[in-house]
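Take a look at the structure set out below.
The values are calculated or read from the model by the stated rules, or taken from the named source; none is laboratory data. None of the values given here were measured: they were computed from a predicted structure. Because the Cβ atoms are built from the backbone with ideal geometry, glycine has one as well, and the counts that use them run over all protein chains shown.
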Protein chains: 2
Amino acid sequence: MNTTPSNPWTLARRAERMNPSVIREILKVTEKPGIISFGGGLPSARTFPVAEFAAACAKVLRDDAPAALQYASSEGYRPLVEMVADRLPWKVDPSQVLITTGSQQGLDLVAKVLADAGSRVLVETPTYLGALQAFAPMEPEIVSVASDEHGVDVDDLQHQWRPDTRFLYVLPNFQNPTGRTMTEARRSALVVRAAELGLPLVEDNPYGDLWFDTPPPAPLTARNPDGCIYLGSFSKVLAPGLRLGFLVAPKAVFPKLLQAKQAADLHSPGFNQRIVVEVMQGGFLDRHVPTIRTLYKTQRDAMLAALAREFPATGVDADERLTWNKPDGGMFLWARLPEGMNAVDLLPKAVVKGVAYVPGAAFYADKADPRALRLSFVTPSVPDIERGVAALAATVRENMPVPA
Amino acid sequence: MNTTPSNPWTLARRAERMNPSVIREILKVTEKPGIISFGGGLPSARTFPVAEFAAACAKVLRDDAPAALQYASSEGYRPLVEMVADRLPWKVDPSQVLITTGSQQGLDLVAKVLADAGSRVLVETPTYLGALQAFAPMEPEIVSVASDEHGVDVDDLQHQWRPDTRFLYVLPNFQNPTGRTMTEARRSALVVRAAELGLPLVEDNPYGDLWFDTPPPAPLTARNPDGCIYLGSFSKVLAPGLRLGFLVAPKAVFPKLLQAKQAADLHSPGFNQRIVVEVMQGGFLDRHVPTIRTLYKTQRDAMLAALAREFPATGVDADERLTWNKPDGGMFLWARLPEGMNAVDLLPKAVVKGVAYVPGAAFYADKADPRALRLSFVTPSVPDIERGVAALAATVRENMPVPA
């Protein structure tokens with residue numbers, strides 16, 4: 001007997017795979033007043049349609065309270081399901097749509113239904129930390145596929161594939177954490193190769209609406225709906241605090257995802273689903289989302305300008321300075337410290353200077369790049385972006401390794 | 001390779017354990033107009049405090065929208081966490097409280113953190129169907145402990161216990177499905193025996209506030225907080241459509257439950273949590289819950305009176321007539337058909353007569369009683385209760401087995 005009356009608890013083996021989120025712990029530090037945070041993946045609160053929510057709450061409670069406040073179907077509120085199906089850029093039957101408690105829940109359901117202990121799950125390098133956390137409890141072997149600025153390396157995908165691979169998890173648009181977008185050519189090649197391998201794709205698209213100049217190429221799922229599960233979210237176009245997302249799945253897996261949903265929380269809040277339907281009616285998102293794009297593009301430009309100013313490239317090798325990419329949408333920018341520096345070690349020093357970020361190492365299933373960091377450009381104001389980047393530059397300068 | 005490009009999906013082994021809810025399928029049938037449903041476990045919509053919700057929504061969106069609509073901490077909104085801790089009848093530190101997306105999610109998290117494939121989980125006979133559904137995907141061996149009208153048989157508990165038993169799931173107050181309540185003597189004996197065995201208890205208490213004449217005995221968790229996880233819900237005292245519940249767990253398991261929560265849906269909707277805090281402020285539940293008790297007691301009495309009228313006991317053996325219990329609170333009453341009858345087979349015939357119930361067989365981990373049925377007395381009106389019981393009686397009479 002491995003328990004005692006004073007501590008009778010035996011944890012499941014999978015609990016060993018559950019660990020506190022690095023980001024979460026960092027965010028606690030950065031909640032201190034005066035810290036400019038490029039850390040959290042928080043949409044700008046300026047984009048929340050508060051007046052519309054208030055009107056919707058009043059209307060739902062006036063016209064439909066008994067149903068809105070009652071238990072409801074696990075699939076989701078039918079008008080919301082239909083709106084989701086209608087908005088997607090390929091033919092989606094509403095019976096393929098499942099409303100989830102944030103798209104994070106979609107990841108939990110996918111792992112439950114598809115991943116056995118010891119089976120293989122493939123992810124990009126790097127990938128969304130929350131996906132790693134959702135998949136890990138089901139105890140698959142999570143393996144990184146080499147990726148570049150255009151996304152997954154399709155030849156390495158073939159290399160990493162095994163017959164027991166359950167799916168590839170991929171975030172093609174303005175990826176969290178890198179901000180990168182998969183090109184049309186890469187999408188096309190990936191879908192073809194996955195079909196050849198018989199490899200399901202789990203496509204996560206929380207940021208796709210947040211493009212700055214041109215929309216991203218068509219989703220992977222639009223190219224092969226029977227081979228893909230698609231995850232979407234209302235968190236970035238309306239507000240995260242309602243916890244509403246959705247998934248679209250083919251008939252081969254939908255019933256099991258629905259049953260897993262029912263066992264997980266019966267259904268997502270019907271009141272919240274009705275609020276979203278009320279707000280979305282009459283094409284609200286078509287007017288609202290462009291305002292988010294404009295704001296976030298301004299913020300991205302402010303961060304790019306501040307980085308260029310604070311980290312001049314002239315006369316310095318790329319390995320001897322901070323480098324960064326230029327995302328075409330979304331919320332994040334990916335940067336890399338000079339050679340010999342470590343983003344985890346540097347963070348407390350940055351916090352002393354009044355700025356925070358997320359070390360990139362958190363986002364790797366394996367073989368983390370210790371120099372990488374994720375910078376969110378959407379939460380702080382433009383003046384704070386400028387001050388924060390200056391503080392980051394001072395931190396880097398003062399901690400540069402001494403040349404050998 | 002066990003997949004083809006046309007169907008690349010390999011399901012996890014646990015998906016075999018996921019099945020459509022019998023109740024859910026039945027509820028679909030009973031949604032037909034004109035059917036009086038004793039089936040669903042739906043609180044009476046008359047008890048939803050709609051005006052208070054409307055005022056709370058307006059206030060939260062006026063005073064606190066940026067935080068209410070933003071991402072938030074996985075533990076829950078601190079004022080709600082503190083309210084939960086304060087209301088419980090034993091000393092609870094707020095750091096032991098986790099807000100969940102309905103208490104159903106608490107069951108999912110408990111199973112993830114405690115149940116390994118092949119490990120043993122004990123349940124009452126019968127038990128809450130949603131718990132069986134939440135536990136099954138983690139692939140434990142779910143074993144029934146013999147139970148009577150006072151709850152779990154403590155000697156059979158000892159008999160069913162094995163060293164790899166992870167917990168006993170128990171619903172002591174006005175249990176779903178039977179409506180029974182565990183006596184003080186049985187609670188006391190159970191907690192002592194569980195401590196001797198080093199057996200954790202998972203205590204589910206969604207109905208405890210809904211007592212009719214006297215409050216139930218103290219929770220099991222109050223007697224041994226380090227050996228118990230306690231699950232609670234706002235669904236029955238406020239409204240299910242907000243999807244808010246909570247769990248209380250000792251330090252030995254809380255951190256893993258929190259990490260599982262984070263991976264499952266990041267956090268429960270912060271907007272909804274603030275609505276509940278606003279509504280609960282100033283002792284609202286102390287005024288509101290007694291009105292629910294009064295209503296449900298009236299409804300129970302109406303059902304008991306209708307049953308006594310329609311199924312007279314005079315001159316008939318108990319095995320030759322419908323029998324039922326008298327719950328002291330909650331939403332359900334448990335009944336048993338005459339010998340030779342089967343509640344699953346009878347249901348379509350009852351629906352033809354205009355009444356529905358849930359066959360009791362759905363609530364057994366094993367060795368189901370085919371004669372049992374669950375009758376909810378809270379959703380229909382008193383006249384509908386009377387009509388529905390009359391329809392049930394006619395169905396039973398017309399389908400009585402012919403004496404041998």
Candidate set: the range B:58-74, residues that are outside any loop (DSSP other than H, G, I, E, B) and of a type in the set (D, E, K, R); chosen: the one surrounded by the most Cβ atoms within 10 Å (Cβ to Cβ): B:Lys59
Determine, yes or no, whether A:Ile275 is more than 19 Å from the chain's Cα centre (by Cα) and either crowded, with 24+ Cβ neighbours inside 10 Å or hydroxyl-bearing (Ser, Thr, Tyr) (or both). yes
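Could you tell me whether the range B:109-125 includes any residue that is within 13 Å of B:Tyr364 (Cα to Cα), of a type in the set (S, T, N, Q) and in the same structural domain as B:Ala222 (by TED's automatic domain parsing)? Reasoning before the result, please.
Here is the first cut: in the range B:109-125, the residues within 13 Å of B:Tyr364 (Cα to Cα) are B:122-125.
Subset that is of a type in the set (S, T, N, Q): B:125.
Filter once more, so that each one left must be in the same structural domain as B:Ala222 (by TED's automatic domain parsing): B:125.
Checked the range B:109-125: at least one residue is within 13 Å of B:Tyr364 (Cα to Cα), of a type in the set (S, T, N, Q) and in the same structural domain as B:Ala222 (by TED's automatic domain parsing).
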Flag for B:Arg166 being buried (at least 24 other Cβ atoms within 10 Å of the Cβ) and basic (Lys, Arg): yes
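With respect to B:Asp384, determine if the residue is surrounded by fewer than 16 Cβ atoms within 10 Å (Cβ to Cβ) and touching a strand residue (DSSP E or B) at 6+ places or on another chain (Cβ under 6 Å).
Values: surrounded by fewer than 16 Cβ atoms within 10 Å (Cβ to Cβ): no; touching a strand residue (DSSP E or B) at 6+ places or on another chain (Cβ under 6 Å): yes.
Against the criterion (surrounded by fewer than 16 Cβ atoms within 10 Å (Cβ to Cβ) and touching a strand residue (DSSP E or B) at 6+ places or on another chain (Cβ under 6 Å)), B:Asp384 does not qualify.
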Return the pair list, or none, for Cβ contacts closer than 6 Å from residues in the range B:367-390 that are without any contact (Cβ under 8 Å) to a residue 60 or more places away in the chain to residues that are assigned to a strand (DSSP E or B) and surrounded by 18 or more Cβ atoms within 10 Å (Cβ to Cβ), at least 6 apart or on different chains. B:Arg371/B:Arg336; B:Leu373/B:Ala335; B:Leu373/B:Pro359
Which of the following residues is within 18 Å of the chain's Cα centre (by Cα) and either surrounded by fewer than 21 Cβ atoms within 10 Å (Cβ to Cβ) or of a type in the set (A, V, I, L, M) (or both): B:Leu258, B:Leu238? B:Leu238
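Evaluate the following for A:Val351: is it out of contact with any Leu (no Cβ under 9 Å at 6 or more places or on another chain), surrounded by 19 or more Cβ atoms within 10 Å (Cβ to Cβ), assigned to a helix (DSSP H, G or I) and not polar (S, T, N, Q)?
Details: out of contact with any Leu (no Cβ under 9 Å at 6 or more places or on another chain): yes; surrounded by 19 or more Cβ atoms within 10 Å (Cβ to Cβ): yes; assigned to a helix (DSSP H, G or I): yes; not polar (S, T, N, Q): yes.
For A:Val351, the condition - out of contact with any Leu (no Cβ under 9 Å at 6 or more places or on another chain), surrounded by 19 or more Cβ atoms within 10 Å (Cβ to Cβ), assigned to a helix (DSSP H, G or I) and not polar (S, T, N, Q) - is met.
Table: residues versus (1) of a type in the set (S, T, N, Q); (2) within 30 Å of A:Lys112 (Cα to Cα).
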{"residue": "B:Ala260", "(1), (2)": "no, yes"}
{"residue": "B:Leu266", "(1), (2)": "no, yes"}
{"residue": "B:Pro269", "(1), (2)": "no, yes"}
{"residue": "B:Asn272", "(1), (2)": "yes, yes"}
{"residue": "B:Asp286", "(1), (2)": "no, no"}
{"residue": "B:Thr291", "(1), (2)": "yes, no"}
Do you know which residues across the range A:301-339 are among the small types (Gly, Ala, Ser), over 15 Å from A:Ala390 (Cβ atoms) and exposed (fewer than 15 other Cβ atoms within 10 Å of the Cβ)? A:Ala313, A:Gly315, A:Ala318
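Within the range A:358-381, restricting attention to residues that are under 20 Å from A:Thr298 (Cα atoms), of a type outside the set (S, T, N, Q) and at pLDDT 95 or above, which residue is surrounded by the most Cβ atoms within 10 Å (Cβ to Cβ)?
Residues of the range A:358-381 that are under 20 Å from A:Thr298 (Cα atoms), as a first pass: A:374-381.
Narrowing further to those that are of a type outside the set (S, T, N, Q): A:374-375, A:377-378, A:380.
Remaining after also requiring at pLDDT 95 or above: A:374-375, A:377-378.
Values: A:Arg374: 26, A:Leu375: 24, A:Phe377: 28, A:Val378: 24.
Checking each candidate, the answer is A:Phe377.
Please specify each residue of the range B:254-306 satisfying the condition of being of a type in the set (Val, Ile, Thr) and facing chain A (nearest Cβ under 10 Å). Reasoning before the result, please.
Restricting attention to the range B:254-306, the residues satisfying the condition of being of a type in the set (Val, Ile, Thr) are B:275-277, B:279, B:289, B:291-292, B:294, B:298.
Selection gives B:Ile275 alone.
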Hits in the range B:180-212 (condition: in a loop (DSSP other than H, G, I, E, B) and within 14 Å of another protein chain (Cβ to nearest Cβ)): B:Gly198, B:Leu199, B:Pro200, B:Pro206
Quick check on this structure: which one of A:Leu98, A:Leu80, A:Leu88, A:Leu114 is more than 18 Å from B:Lys112 (Cα to Cα), touching a Pro at 6+ places or on another chain (Cβ under 9 Å) and not charged (D, E, K, R)? A:Leu88
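Kindly indicate whether B:Thr100 is assigned by TED's automatic domain parsing to the domain that holds B:Val170, surrounded by fewer than 24 Cβ atoms within 10 Å (Cβ to Cβ), among the β-branched types (Val, Ile, Thr) and at pLDDT 95 or above.
Numbers: assigned by TED's automatic domain parsing to the domain that holds B:Val170: yes; surrounded by fewer than 24 Cβ atoms within 10 Å (Cβ to Cβ): no; among the β-branched types (Val, Ile, Thr): yes; at pLDDT 95 or above: yes.
The answer is no for B:Thr100.
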Quick one: how many residues across the range B:33-71 are in contact (Cβ under 8 Å) with a residue 12 or more places away in the chain, away from chain A (no Cβ under 11 Å) and at negative phi? 5
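Every residue in the range A:275-333 that is of a type in the set (A, V, I, L, M), assigned to a helix (DSSP H, G or I) and modelled with pLDDT under 95, please.
Of the residues in the range A:275-333, the ones of a type in the set (A, V, I, L, M) are A:275-277, A:279-280, A:285, A:289, A:292, A:295, A:302-308, A:313, A:316, A:318, A:322, A:331, A:333.
In the following step, the residues that additionally are assigned to a helix (DSSP H, G or I) were identified as A:275-277, A:279-280, A:285, A:289, A:292, A:295, A:302-308, A:318.
Result: A:Ala318, single match.
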If a residue counts only when it is in contact (Cβ under 8 Å) with a residue 24 or more places away in the chain, within 14 Å of chain A (Cβ to nearest Cβ) and closer than 30 Å to B:Arg274 by Cβ, which strands (runs of 3 or more DSSP E) contained entirely in the range B:75-179 have at least 3 such residues? B:97-100
Working only within the range A:351-382, note down all residues that are of a type in the set (Gly, Ala, Ser), over 19 Å from A:Ala134 (Cα atoms) and within 15 Å of the chain's Cα centre (by Cα). A:Ser376
Which numbered condition A:Gly241 misses (of (1) among the small types (Gly, Ala, Ser); (2) assigned to a loop (DSSP other than H, G, I, E, B); (3) at the interface with chain B (Cβ under 9 Å from one of its Cβ atoms)): (2)
